[in-house]
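Quick notes on the structure that follows.
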Amino acid sequence: IRIDGPMSQSVVALEQAEIQALADLYHAAGPSVVADCGLSVREVGDAVLIAATRFDVLALNRLVGLGLRSLPSDAALADAMSAIEQTGSPRCFVQVAPTGASDGLGVRLERLGLRQYNNWMRLGRSLDDLPRPSDSSSATLLDVRRIGSAHANVFGSLVATAFDYPPALSPITSQTIG
């Protein structure tokens with residue numbers, strides 16, 4: 001599926017926000033988390049390569065932004081492949097956004113030895129017309145609370161468990177609290 005026109009601009013904006021958030025997450029890691037997880041962030045042309053080399057977790061070892069605004073040259077693809085190999089990560093994937101600028105990129109990556117793994121979907125909804133807490137249809141037993149640094153480790157463990165990550169990765173998300 002390819003998205004063109006005004007919707008493509010939204011996809012680009014969302015991808016750029018994700019790229020910045022991932023880079024910030026890795027840059028914010030303390031020295032012990034960086035060492036224990038093998039974290040690195042590197043710009044590769046117009047893309048950003050994040051790696052957690054000590055773990056075989058694709059979501060944490062990926063190249064994002066390749067072909068987001070323009071189709072990369074063969075030299076840029078060769079640089080990207082070299083950068084991925086240099087991380088030493090067990091596995092890594094290239095996240096290709098469905099914009100007009102990425103036309104044919106998947107086929108070119110396959111020619112370089114990569115294969116399509118799966119498809120991700122980003123869901124969104126308007127915040128207009130949200131149900132009011134007093135509406136009977138929104139009754140819930142869910143208890144939502146703000147957490148602080150005292151709960152950071154619990155949060156990190158919860159995220160690691162929810163995504164089936166090794167427990168040693170929990171400090172990456174723990175650091176976002178507080």
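The values are calculated or read from the model by the stated rules, or taken from the named source; none is laboratory data. Predicted model only: the values in this text are computed from it and were never measured. Quick reminder, even Gly has a Cβ in these numbers, built from the backbone with ideal geometry, and neighbours come from all protein chains shown. To get the accessible areas, we keep the full protein, side chains included, count just its heavy atoms, and leave off ligands, DNA and RNA. Shrake-Rupley method; radii C 1.70, N 1.55, O 1.52, S 1.80 Å.
Of the residues in segment 113-121, at least one is open to solvent by 90 Å² or more (accessible area, probe 1.4 Å) and either part of a helix (DSSP H, G or I) or touching a residue at least 24 places away in the same chain (Cβ under 8 Å) (or both).
Okay, residues lined up against (1) open to solvent by less than 50 Å² (accessible area, probe 1.4 Å); (2) touching a Lys or Arg at 6+ places or on another chain (Cβ under 9 Å); (3) assigned to a helix (DSSP H, G or I); (4) modelled with pLDDT of 95 or more:
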site: Ala13; (1), (2), (3), (4): no, no, yes, no
site: Ala17; (1), (2), (3), (4): no, no, yes, no
site: Ala21; (1), (2), (3), (4): no, no, yes, no
site: Leu66; (1), (2), (3), (4): yes, no, no, no
site: Ser70; (1), (2), (3), (4): no, no, no, no
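Of all the listed residues (Thr99, Thr140, Thr161, Thr176), the sole one being touching a helix residue (DSSP H, G or I) at 6+ places or on another chain (Cβ under 9 Å) and over 23 Å from Gln20 (Cα atoms) is Thr161. Scanning segment 46-64 for residues that are surrounded by fewer than 17 Cβ atoms within 10 Å (Cβ to Cβ) and over 23 Å from Ser170 (Cβ atoms) yields a total of 1. Does Gly30 satisfy the criteria of being over 18 Å from the mean Cα position of the chain (by Cα), closer than 18 Å to Ile172 by Cα and open to solvent by less than 40 Å² (accessible area, probe 1.4 Å)? Judged against the criteria, Gly30 is a match. Is there a residue being more than 27 Å from Ser174 (Cβ to Cβ), at pLDDT 90 or above and surrounded by 10 or more Cβ atoms within 10 Å (Cβ to Cβ) anywhere in segment 92-103? Yes, segment 92-103 contains at least one residue that is more than 27 Å from Ser174 (Cβ to Cβ), at pLDDT 90 or above and surrounded by 10 or more Cβ atoms within 10 Å (Cβ to Cβ).
Of the numbered criteria (1) touching a residue at least 60 places away in the same chain (Cβ under 8 Å); (2) touching a Leu at 6+ places or on another chain (Cβ under 9 Å), the one Gly106 fails is (1).
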